[in-house]
1. If I filter segment B:78-89 down to residues being within 7 Å of chain A (Cβ to nearest Cβ), touching a residue at least 12 places away in the same chain (Cβ under 8 Å) and not β-branched (Val, Ile, Thr), which single residue comes out as surrounded by the most Cβ atoms within 10 Å (Cβ to Cβ)?
2. Can you say whether B:ALA118 is surrounded by fewer than 24 Cβ atoms within 10 Å (Cβ to Cβ), at the interface with chain A (Cβ under 9 Å from one of its Cβ atoms) and in contact with a Ser or Thr (Cβ under 9 Å, 6 or more places away or on another chain), as far as the supplied structure shows?
3. Scan segment A:430-439 for residues that are more than 7 Å from chain B (Cβ to nearest Cβ) and under 16 Å from A:ALA67 (Cα atoms) and report the count.
4. Looking only at segment B:177-198, decide whether some residue is of a type in the set (Val, Ile, Thr), in contact with a Pro (Cβ under 7 Å, 6 or more places away or on another chain) and within 29 Å of B:TRP56 (Cα to Cα).
5. Do you know which residues across segment A:97-147 are in a helix (DSSP H, G or I), in contact (Cβ under 8 Å) with a residue 40 or more places away in the chain, within 7 Å of another protein chain (Cβ to nearest Cβ) and among the aromatic types (Phe, Trp, Tyr)?
6. Just a yes or no: is a residue in segment B:233-251 of a type outside the set (Asp, Glu), touching a residue at least 24 places away in the same chain (Cβ under 8 Å), assigned to a loop (DSSP other than H, G, I, E, B) and closer than 20 Å to B:THR2 by Cβ?
7. Only residues that are out of contact with any strand residue (DSSP E or B) (no Cβ under 6 Å at 6 or more places or on another chain) and either on the phi > 0 side of the Ramachandran plot or aliphatic (A, V, I, L, M) (or both): list them for segment B:76-95, please.
8. Can you go through A:ARG50, A:ARG61 and tell me which one is facing chain B (nearest Cβ under 10 Å) and at pLDDT 90 or above?
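The values are calculated or read from the model by the stated rules, or taken from the named source; none is laboratory data. Being a predicted model, the structure only gives us computed values, none of them experimental. For neighbour counting, all protein chains shown are included, and Cβ atoms are generated from backbone atoms with ideal geometry for every residue, glycine included.
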Amino acid sequence: MTEWMAAVEPAQLLPARSQMAFTLMFHIVLVPIGVALPAMMLIANFKGLRRGDPVALRLARRWSHAAALTFAVGAVSGTVLSFEMGLLWPGLTGTYGDVFGLPFAIEGIAFFIEAILIAIYIYGWRRLQPWTHFWLGLPIPFVALVGAFSIISANSWMNTPAGFTVGADGRPENVDPMAAIFNDALPYEFAHFVLAVYMAAGFTVASIYMVGWRRGRRDRYHRLGFLIPFTVAAIATPLQLVAGDTIARWLANNQPAKFAAMEVVTTSGPDQPEIILGRYDPATNTVSGGLRIPGLNSILTGGSRDTSVPGLDAFAAGDRPSNVNVVHWAFDTMVGVGTLLLFIVLWFAIAYWRRRDIPRSRLFGWLAASAGVLTYVAVEAGWIVTEVGRQPWIVYNVERTSDAVTRSDGVWVSFVGVTLLYTALGAGTVIVLRAMSRRWRRQDEADDAVPYGPRPSPDAVAQVER
Amino acid sequence: MTKADAVAAVLVLGVTLYAWSGLADYGAGLWDLVAGGREHGRRARALIDTAVTPIWEANHVWLVFLLITCWTGFGIAFASIMTTLFIPLSLAALGIVLRGASFALRKDAARAGWRHVAGWLFGAGSILAPFSLGAALGGVASGRVPVGNAAGHEVTSWVNPTSVAVGLLAVATGAYLSAIYLVAEAKRRGVPDLEPYFRTRATWAGAAGIVIGAAALVALWFDQRSMFDRVIGRSLPLVVAGVLALAASFVLARRGVVRGLRVAGALGVAALVWSWAVAQAPYLLPFSLTIADGAGAPATLRWLLVWAGVAALTVVPLLIVLYVIDQRGHLAEDPTVGRAAEKLSP
């Protein structure tokens, strides 16, 4: 298929990569909310029903309402991504669609089931029996994991392609979709991703209630709103440290070019220093500046300073990640944030173990209130590491990104359009979520005014709103 | 029937289901847009909102399912279509984002002004998306998409009489289906005065659909005779069945009969979708790429069919559960967390 072949760098490559990166980075903000928030909402729901706890139930209802909004925005931004698989990367879907497409078909069904169950859960609060409502909602986190599994499977296939051989005409032969789904990188990427989404959703929801707590709203509503998601994220955080370390060592052997870029290893060999930040110069293959810890990179990779680590010099200039500095800085950011989060979690664990309470320190409050944003920074940085670190390949060592890109004109126009549209969409979503939260606070204040009175009817709520 | 043919049939089935559900949701957006001023259109919009809210996301997923099945089963055709028709398909994505996001955001926006803007975008996106998807379909059906990465003309492939007519036909079909669904919704939710309101709109949309449908056939006759001959040749029984079923639903709607109304409308639309599919078979891209030539690896096709079976066993029963509990009135915004909804009763 010579028509898929492109010159070295087609003009569409830059806008296409920019548009894909931008839309993916937007969508990935919504993914943790869609995958992990339902679990927290169901924990609150269960607690509320089991203990007859109206505060937990109120949290579950509100979280499900917020989840409904983000789920809707995620559904449309996810649709855009599936359009882009063809609009921007016809060389990928056109040539390898039948090799790696099946997980997307699984995702399609998982997403379908999730959309139906979420609709029933969100709009069923009023009329369905409480426990029926809970049981209908219970599969949501598991179905969401099936969906995440499929998408991660497709992405890990791009890192460790499997399940085909390349025929004489350049098209895949001997296609084995099951081998493609269960490719080598899948268990590592999936574990890392699931822990990441639970951390992101947990810390983000918790940080919202921590902001209220710090402003003096020290009631049970804010305490529970902090504790449920924070505990979930706190369990995931140490596991993530282990997972991240395992993946890094696995990468050194399986995607050495990406590993070399992450750790800016310039020359292969033993006794590699761990370089924190610094600037890489691709022309000379050297690093200037940064903090060097002698031998640590070798020790982390193989347990001793004698461990040989692959460096960028092992790869032809055209096969090295196109932007080593971006990969390295993103990697350091992710690891740095992860370490800070572990510190916050340990602080919380010790305080809670000793006093059964949230740490009283102002510094803890400030850190916990920032944890949500920080986790998102780490999620985005991690995504940059895996995507930019795989370049110049779209399918590692098989197909170059420049060969997969669309030849359509107008990608710059669509990139600019998408940027404007998503900026407005992101702003709109944040504004509406804040309006929701303000409305609920007014509602709570109206409730507090009549402590033993009946709950206000919707009309009364509407009155308060005006 | 080969495995590739079966996967193609699954795709056409997906198009049918999307036309019944997603296309009608676009139509609802159009009626929302033209419902008039804030006070005047308040109750019609409230009915549209209540009817569409719990189900539109599930309805929308058929489109994602179609895209995924297409690139997994027929990667070459998918890549060729998406690149030659880059512009209308980007516009379709734009429309989808506009209508989906603004519909979701509108409910909870605090200010009436913002709700007004969101409502306008919801309506605009609801017209743009089906038009663009229809225009792209017209480009494929009239043989304007050759095999290759953006190998066809990026503008004339969809700016031509056939594509424009099919795009408008998609808009009119969605508007018609949603109007007759809303007639039934108005009856079921006890707002009888909105019944004639949507019956009138069904009449307009139906009349527009007849004119546009005829125009599409004329355009196709001038444009791509061999495809025209196939439509009025081997697809003729389906075309006739579709027109009869739609005419029956039209008569039922005029007389205010709700029983069988939605079924007749849906069957008519399905017959028209299948008349396109039968006319185009065995080509994925008329007349350059057949289903057999464009099909992916046999192992993948087999698994795709298995997954279609899994979908039929899991998604379809769940969708039925969703529609049934929705139709029984068990699904609605939670008044303790949502913004107080507009009242339906006058």
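1. Residue satisfying both the conditions and the ranking: B:ALA79.
2. yes
3. Matching residues across segment A:430-439 total 5.
4. Among the residues of segment B:177-198, not one is of a type in the set (Val, Ile, Thr), in contact with a Pro (Cβ under 7 Å, 6 or more places away or on another chain) and within 29 Å of B:TRP56 (Cα to Cα), which makes the answer no.
5. A:PHE104
6. Yes, that holds for at least one residue.
7. Within segment B:76-95, B:ILE76, B:ALA79, B:ILE81, B:MET82, B:LEU85, B:ILE87, B:LEU89, B:LEU91, B:ALA92, B:ALA93, B:LEU94 qualify.
8. Criteria check complete, one pass: A:ARG61.
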